[in-house]
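A.B. asks: Quick one: structure below, then a few questions.
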Amino acid sequence: MADNLQIGIVGLGRIGGNLVRQAVEKGIETIGFTSPHKHDDLVEIGMKKISSLDEFIEKLQRPRKVFLYVPSGYIVDKFIDELSYILSEGDIIVDGGNSYWGDSVRRSEFLKERKIHFVDLGTSGGTQGARNGACFMAGGDDAAVNEIKPLLHKLALRGGFVHAGPSGAGHFVKLVHNGIEFGMLQAIGEGVDLLENYKDRLNIADVLGCWRNGSVIRSWLVDLMEQQYRDHGGLEKIPAHVEDTGEVNWLVSDALQMEVAVPVITASVMQLFISRDPQKNWAKAVAMMRNGFGEHGFGVDERAITERTEGRTGDFYRWKNNNTKKD
């Protein structure tokens with residue numbers, strides 16, 4: 001295991017750039033590959049900026065440790081292909097982005113033929129984690145992971161590192177993590193919706209603040225929900241469209257192939273799609289068919305509302321039917 005604490009990072013955006021800031025603060029020699037006119041702010045704090053890939057490799061001590069924090073897909077393959085010609089036997093390429101685990105297995109086999117190690121490194125904690133202590137999930141052979149382990153322990157929160165298994169395992173574990181994240185986001189979002197629709201006006205920010213302290217659902221996501229709710233003064237000014245980067249779609253597809261039921265994760269992905277549909281043509285089509293077979297009316301039907309709540313005597317239903325929501 002090498003004693004030198006040195007890291008080369010390709011991709012100095014939100015995650016890569018913040019890892020540089022953390023690494024420099026912790027005494028890790030940091031070499032950044034970027035264009036000549038970018039990221040001078042990182043140079044000012046101590047990063048060595050290199051704009052030539054050949055020179056970038058020359059500055060790294062062997063075994064070289066090159067971390068990629070670039071978007072998943074062809075860009076990863078492009079850098080791996082270029083690096084495979086200029087790296088030496090025993091050097092290590094680490095993909096810290098959100099790549100598909102199957103691609104990581106393929107890339108590992110490609111580099112193994114050139115006697116270059118590959119580690120797929122799921123990285124969690126967002127920009128704050130990259131800056132102050134991340135959570136790392138590594139996939140790869142023992143020799144490669146052990147070589148970069150001192151770096152990862154420096155850059156992770158205590159306990160925030162696991163060697164999950166062989167090549168592909170790191171990105172698969174991160175993919176499952178992202179699926180769980182989607183399910184949690186959806187559940188919290190639905191809970192806030194219920195709070196917003198209670199018959200009396202609630203101090204929702206304070207409710208969220210209470211949940212952060214000692215409740216079963218306390219979590220970083222609830223922390224963020226409270227902070228965002230206070231910062232934006234509620235939900236009114238926030239667009240309903242929810243974008244994502246598509247990784248959890250891969251997980252749903254994998255689950256189908258594995259014949260593993262993931263109904264909550266799947267439903268959370270579907271809800272994102274619903275958020276992006278201003279026309280709601282699916283709802284219009286359902287309304288047309290219901291009108292066809294049951295002569296159900298279009299739009300709001302007060303008679304139907306009365307019928308579906310008939311027999312329910314709780315306070316909520318009396319309030320709903322009487323439309324007596326208080327300000």
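A.B. asks: Pick out the one residue from Ser99, Ser88, Ser167 that is farther than 27 Å from Ser52 by Cβ and assigned to a loop (DSSP other than H, G, I, E, B).
C.D. replies: Criteria check complete, one pass: Ser167.
A.B. asks: To continue, here is another question. Evaluate the following for Gly8: is it open to solvent by less than 20 Å² (accessible area, probe 1.4 Å), in contact with a Phe, Trp or Tyr (Cβ under 8 Å, 6 or more places away or on another chain) and either within 16 Å of Leu53 (Cβ to Cβ) or outside any strand (DSSP E or B) (or both)?
C.D. replies: For Gly8, the condition - open to solvent by less than 20 Å² (accessible area, probe 1.4 Å), in contact with a Phe, Trp or Tyr (Cβ under 8 Å, 6 or more places away or on another chain) and either within 16 Å of Leu53 (Cβ to Cβ) or outside any strand (DSSP E or B) (or both) - is met.
A.B. asks: Considering every residue within segment 266-285, establish whether at least one is more than 19 Å from Asn178 (Cβ to Cβ), open to solvent by 80 Å² or more (accessible area, probe 1.4 Å) and at pLDDT below 85.
C.D. replies: Yes, segment 266-285 has at least one match.
A.B. asks: Oh, and also: Tell me which of these Ile238 doesn't satisfy, since it passes every other one: (1) open to solvent by 40 Å² or more (accessible area, probe 1.4 Å); (2) assigned to a helix (DSSP H, G or I).
C.D. replies: (2)
A.B. asks: Right, something else. Quick check on Ile116: is it closer than 24 Å to Asp81 by Cβ and in contact (Cβ under 8 Å) with a residue 40 or more places away in the chain?
C.D. replies: no
A.B. asks: In this structure, does Ala255 turn out to be surrounded by 12 or more Cβ atoms within 10 Å (Cβ to Cβ) and part of a helix (DSSP H, G or I)?
C.D. replies: yes
A.B. asks: So for segment 131-154 (the condition being surrounded by 15 or more Cβ atoms within 10 Å (Cβ to Cβ), within 26 Å of Val248 (Cα to Cα), in contact with a strand residue (DSSP E or B) (Cβ under 6 Å, 6 or more places away or on another chain) and basic (Lys, Arg)), does at least one residue qualify?
C.D. replies: So far as segment 131-154 goes, no, none of its residues is surrounded by 15 or more Cβ atoms within 10 Å (Cβ to Cβ), within 26 Å of Val248 (Cα to Cα), in contact with a strand residue (DSSP E or B) (Cβ under 6 Å, 6 or more places away or on another chain) and basic (Lys, Arg).
A.B. asks: Sticking with this one: State all residues of segment 125-162 that are of a type outside the set (A, V, I, L, M, F, W, C) and under 19 Å from the mean Cα position of the chain (by Cα); if no residue qualifies, say none.
C.D. replies: Selection gives Gly125, Gly126, Thr127, Gln128, Gly129, Arg131, Asn132, Gly133, Gly139, Gly160.
A.B. asks: Going through Asp244, Asp231 one at a time, which residue ends up being part of a helix (DSSP H, G or I), open to solvent by 30 Å² or more (accessible area, probe 1.4 Å) and charged (D, E, K, R)?
C.D. replies: Asp231
A.B. asks: So, Pro63, is that one open to solvent by less than 50 Å² (accessible area, probe 1.4 Å) and not in a strand (DSSP E or B) or not?
C.D. replies: yes
A.B. asks: Sticking with this structure for a sec: Tell me which of these Asp41 doesn't satisfy, since it passes every other one: (1) at pLDDT below 95; (2) open to solvent by 60 Å² or more (accessible area, probe 1.4 Å); (3) more than 19 Å from Ala130 (Cα to Cα).
C.D. replies: It fails just one condition, (3).
A.B. asks: Take Asp120 and decide whether it is out of contact with any Lys or Arg (no Cβ under 9 Å at 6 or more places or on another chain), among the acidic types (Asp, Glu) and either surrounded by fewer than 18 Cβ atoms within 10 Å (Cβ to Cβ) or closer than 23 Å to Asp77 by Cα (or both).
C.D. replies: No, not satisfied.
A.B. asks: Being basic (Lys, Arg) and within 25 Å of Gln128 (Cβ to Cβ) is the filter; apply it to segment 181-225 and report the residue that is most open to solvent (accessible area, probe 1.4 Å).
C.D. replies: Of everything passing the filter in segment 181-225, Arg218 is most open to solvent (accessible area, probe 1.4 Å).
The values are calculated or read from the model by the stated rules, or taken from the named source; none is laboratory data. Computed from a predicted model, the values in this text were never measured in an experiment. Cβ coordinates were reconstructed from backbone atoms using ideal geometry, including for glycine residues, and neighbour counts include every protein chain displayed. To get the accessible areas, we keep the full protein, side chains included, count just its heavy atoms, and leave off ligands, DNA and RNA. Shrake-Rupley method; radii C 1.70, N 1.55, O 1.52, S 1.80 Å.
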